1. Taking the Cα centre of region B:3-490 as origin, work out the dipole magnitude from +1 charges on Lys and Arg Cβ and -1 charges on Asp and Glu Cβ, in debye rounded to 20.
2. In nm, to one decimal, how far is the A:V142 label point from the A:L8 one, both placed 7 Å along Cα→Cβ?
3. For the pair B:L452/A:R201, report the inter-label distance in nm, with labels modelled 7 Å from Cα in the Cβ direction.
4. Relative contact order (percent) for chain B, with alpha-carbon contacts under 8 angstrom and 6 or more residues of separation?
5. For region B:66-134, what's the relative contact order in percent, using C-alpha pairs closer than 8 Å and at least 6 residues apart?
6. Restricting everything to alpha-carbon atoms, can you work out Rg to Rh for the protein assembly as shown with a Kirkwood hydrodynamic radius?
7. Sequence gap of 8 or more, or different chains, plus Cα separation below 23 Å: how many lysine pairs satisfy both in the protein assembly as shown?
8. Which one, A:M135, A:F202, A:T113, projects farthest toward the positive side of the charge dipole computed for region A:61-215 from Cβ point charges (K/R +1, D/E -1)?
Amino acid sequence: MTPNVVILCAAGMLVTAYLMVGQKSLFTTIRLYGVQSLLLATVAVVMAISDKRPHLFVMATMTTVLKGFAIPLFLMRVVDRIGIHREIEPFLNVPASLLACLGLTVVGYRVSTGFAEGTVGVTHHVLGVGLSTLMIGLFLMVTRKKAISQVLALLTVENAIFLIALGITSGMPLVVELGIFFDVILAVLVLGILVRRIVDRFESMDVSRLSNLKG
Amino acid sequence: MTLLVWTLLAPLLTAALGGIRASRKVEEVVIISGLSVTFGLCLATAWQFLNGPMPTAFNEALRVDGLSALVLVLCGFIGLLSAAYGVGYTRRNDARGLVTPRMRQEFSVLTPVYVFAMLLVSVSNNLGILWIAVELTTLASVFLVAYHNRDTSLEAAWKFLMLGSLGLGFALLGTVLLFASAQGALGEDLTALHWTQFMAHASELHPFTLRLGVVFALIGYGTKAGLAPMHTWKPDAYREAPSPAGVMMAVGMLNAALYCLLRVHLISKAALGRDFSGGLLLTLGLLSVLVAMPFILIQWNLKRLLAYSSIEHVGIMAVGIGLGGEAAVFGALLHMTYHTFAKPVAFFSSGTLAQLHRSSNFAVIGRGTLSRAPITSALLLLGALFVTGSPPFSLFFSEMMILRAGFLGSHVIATSVFLAALVILFCGFAYQIGGLVLGEQVSDPVADPETLDWGLGVTLVAALIAIVSTFYLPGPLMGLIRAAAAVVSEGA
């Protein structure tokens, strides 16, 4: 039963990543990120129970509170306050993007077979999904114009790395994990402040306008 | 509380004091005295390392071996020097009414935090803490890049943050994979991520996972170091950051990032042999030197020129490490030391020149600056001689050492390409700076007159240190470089 829950949640994360690729509304993308984080937290909880690793509960709680709710709410407030044009305009259209992501998923699964733990069972799927989500996150980062959607792509990459860490190591040492959480929060705050400054100056958060510096 | 802990606390206290809104004089005294104390403590820690038991703290999570001690001293030095120049820089801007109290406060908080993060990088023996500290350097420096709050500074800060965070994401993945490669052999508490533990269990690491981890970690930390092709944030950030912050990025951050690269390289070397990560570093280093070449030749902005020079230098160091062997590694570490002393001269003088002309674009500054700002121009020329590695100055010797080791070793073709690139880079840089300083004045640019103020004084001191370091490195510093080289070539 437990392996199935883990695989289901991990697969759910991949699905949210795909939905992010296909989504045009900025608010929905932020919510999808929240759902993705909650799924990650569920994976951590299930692993904490089945492998008896209590420190994963701490990680799951932090993920739920911070990534599941605090960061999405903060980002929504930033978007709300900016209050301009909430549609996402990707550089690449949706069908082509989805096709590219399909290719990335195949690659992710292929790479996961190289690991010592990665050939069979749950870890194979968790690693495969983790690597695929990672690459989809990177793909989102290069194809999005809006500052906030680039931030979301970065956060997706972060989630994928956590999933890989869960699958392959059952979690990093607690102190390190807390430190990483602290840094992620700080990074989101800094990004938020920067987005607001960019909007104040450019009256847009289209980062493709940031192209004066060359050579 | 040990000496090591105080060394790290000193800049944090300075930052806390700097956060209090005070008059300009008080803020200047706080930042300079705070970072002087920090540098003093760095020296004391290094001294303790040279003469006694290895300084450690928190169950060896912080540990000062030869490599750490060298980077610690260099980062402490550059922190103090750039804060000192920063005082002069801010005074000049203040006189023109460009500085708000908030900007001053930002500077006096973020600079010490940045120094703290760099010092933490240089003493951390734990790969997790190392990552956290590097992330902290990024976050501390974003607002230094955005300091002037112009359109272009926001663009530069955005690129810097996105690329830096992405790089750090890779580095985090690399760290996770390195941890995974041990397959539980190292335990699960904090000590499991200790670098010393990895070295002790090198033979038990799973090769595939380790390889992947090393690649990700090298790419990730390489982004912070500014190795090509992850260097693209550098020219923008250097141009927009105020010159004192630019120096901290170009020298302090470079050293700290190189420290991370070395730690990862050493794990990989112990487990997989020298060629895997060595070859990767050699390739990235060579690529950096080659990428810098065309951009230096066609450059239109003084500070961006320096950024490409910085990309070149990190490339040289990576090549030195990648070539492997005692002589090349020693050359690379010597290069790092000399570079730390030499680079501020070029940065400070070009910063002053840009301030006098209100722009760092060649077109605005105009040729023939020697007649307008003789002392600064002369210092810039001197700085250019230093950073291009012209004889008889220091960087020439370290570059020669790396080249010699390369030609004697097994990488003759790579070294030949490297040598050719260095020669072209020298010509390009000399052409650009020579034209700027000595060229015939055609237009009549608007420029403030040069005055012998605090900033120029600091530049003169930096030049003096650079010249002295060419001919004489103090015994203890030489001892540190040797100890660091021993760590790198033996992996001990």
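1. 580 debye
2. 3.6 nm
3. The two pseudo-label positions are separated by 3.8 nm.
4. It rounds to 17 percent for chain B.
5. Worked out over region B:66-134, it gives 43 percent.
6. So for the protein assembly as shown, dividing Rg by the Kirkwood Rh gives 0.96.
7. For the protein assembly as shown, qualifying lysine pairs total 25.
8. It is A:F202.
A short reminder: the numbers here are calculations on the coordinates, not readings from a lab. These numbers were taken from a predicted model, which means no experiment stands behind them. Counting neighbours? That spans all protein chains shown, and the Cβs are built from the backbone with ideal geometry, glycine included.
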